[in-house]
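See below for the structure under consideration.
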Amino acid sequence: MSETVAIATLHGKGAIIRPILAELGWQVQELNSFDTDSLGTFANERARFMSPVECTLRKAAIAADLSGCAIGLGSEGSFSAGPFGLGTFNQELISAVNIEAGWVVTGRFYGPSAVQQWTISDHTALQQALKQLPADQRLLIQQQQQICKGLTLAEAEQQATQLLANGALQLSYDLRAHCCPERQQHIAHAARDLLQRLKQHCPVCATPGFWPDHALPGLPCEDCGAPSSLTRLRRASCQRCQHTESYPVAKSFAAAQYCQICNP
Ligand SMILES: [Zn+2]
Ligand SMILES: [Zn+2]
């Protein structure tokens, strides 16, 4: 059954998500009347006052509301230091909100990112930085209050060469989806995660998103049988009728190294 769903974006996200959610019979329609930058931008001209999850839900609800569709989609990316403080990681969230039926399902991607920024004070440093960039990545240049966005490598080189006469500048990845091929791939991963979650329906009330997100520890130790820190069960709960189901993991026992008694 075909269903039109709306996404508010000025950054071409519809084209990434549309072919993936087509499997559900969904037709993703881009809504250009709402500028999602009002909810915060990467370049920080607008401060972010919501968490990424709040932001994606808010965007999805606004898209449904403005379009008149029952279902709206919202997408939000964020960047932070990776596990153990190493490297930069990108999180992409995509939520589908059904404002008529009253449910929300969120797909996720979390993984390492190549994004960088440089303080450039001479032409040699500029050349070095440009050499490290993927050819189709767009760039952002900041110098004092001035920001130039969406620059191709050639445009960035030209712009930066001029600006260097006034002093140092910041060169960085333009992180908006249509400017960042890496994010486009990560958004597609999050959309595929969303698709898998949407395909799982509650066996009682058929609400989508019946997904075993909740891990319960206590897999018994192979030597002494005491509960270990490893996952014993995964549990799915329906957000609408509260029905739950538990799924035991494939293994019956945990290695003794995970046991508090055998390996304290
Ligand atoms: Zn249910
Ligand atoms: Zn043990």
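Checking each residue in segment 137-148 for being at pLDDT below 95 and either in a loop (DSSP other than H, G, I, E, B) or under 21 Å from Thr88 (Cβ atoms) (or both) picks out Gln144, Gln145, Ile147. Kindly indicate whether Ala160 is away from ligand 1 (no atom under 16 Å from the Cβ), surrounded by fewer than 17 Cβ atoms within 10 Å (Cβ to Cβ) and over 19 Å from Ala101 (Cα atoms). The answer is no for Ala160.
Within segment 222-240, how many residues turn out to be touching a helix residue (DSSP H, G or I) at 6+ places or on another chain (Cβ under 6 Å) and among the hydrophobic types (A, V, I, L, M, F, W, C)? So the answer is 1.
Only strands (runs of 3 or more DSSP E) whose full extent lies in segment 149-264 are considered here, and the ones with at least 1 residues that are within 16 Å of ligand 2 (Cβ to nearest atom) are 214-217, 231-237. A single entry from Gln257, Gln200 fulfils the requirement of being open to solvent by 50 Å² or more (accessible area, probe 1.4 Å) and either within 16 Å of ligand 1 (Cβ to nearest atom) or closer than 28 Å to Val53 by Cβ (or both): Gln200. Being among the hydrophobic types (A, V, I, L, M, F, W, C) and modelled with pLDDT under 95 is not true of Cys202. A Cβ distance below 6 Å, combined with a sequence gap of six or more or placement on separate chains, defines the contacts here; from segment 155-175, residues that are touching a residue at least 40 places away in the same chain (Cβ under 8 Å) reach residues that are part of a helix (DSSP H, G or I) in the pairs Ala160/Leu126; Leu169/Leu163; Leu171/Ala129.
The residue of segment 163-197 that is modelled with the lowest pLDDT, among those that are open to solvent by 30 Å² or more (accessible area, probe 1.4 Å) and of a type in the set (Lys, Arg), is Arg176.
Once segment 182-200 is narrowed to residues that are of a type in the set (A, V, I, L, M, F, W, C) and touching a Gly at 6+ places or on another chain (Cβ under 8 Å), the residue that is farthest from Thr106 (Cα to Cα) is Ile187.
The residue that is nearest to Leu21 (Cα to Cα), among those in segment 65-84 that are open to solvent by 20 Å² or more (accessible area, probe 1.4 Å) and under 19 Å from the mean Cα position of the chain (by Cα), is Ser78. Listed by first and then second residue, the pairs with beta-carbon distance under 8 Å, at least 6 apart or on different chains, first residue in segment 65-86 and without any contact (Cβ under 8 Å) to a residue 60 or more places away in the chain, second of a type outside the set (Asp, Glu) and open to solvent by less than 10 Å² (accessible area, probe 1.4 Å), are Asp65/Gly72; Glu76/Cys55; Glu76/Thr56; Glu76/Leu93; Ser78/Asn90. The set of residues from segment 103-126 being closer than 23 Å to Phe79 by Cβ, open to solvent by 50 Å² or more (accessible area, probe 1.4 Å) and not aromatic (Phe, Trp, Tyr) comprises Arg108, Pro112, Ala114, Gln116, Gln117, Thr119.
The values are calculated or read from the model by the stated rules, or taken from the named source; none is laboratory data. Worth saying up front: this structure is predicted, and the values here are computed from it rather than measured. Every residue, glycine among them, receives a Cβ derived from its backbone with ideal geometry; neighbour counts consider all protein chains shown. Quick note on the areas: whole protein, heavy atoms, side chains included, nothing else; ligands and nucleic acids left out. Shrake-Rupley method; radii C 1.70, N 1.55, O 1.52, S 1.80 Å.
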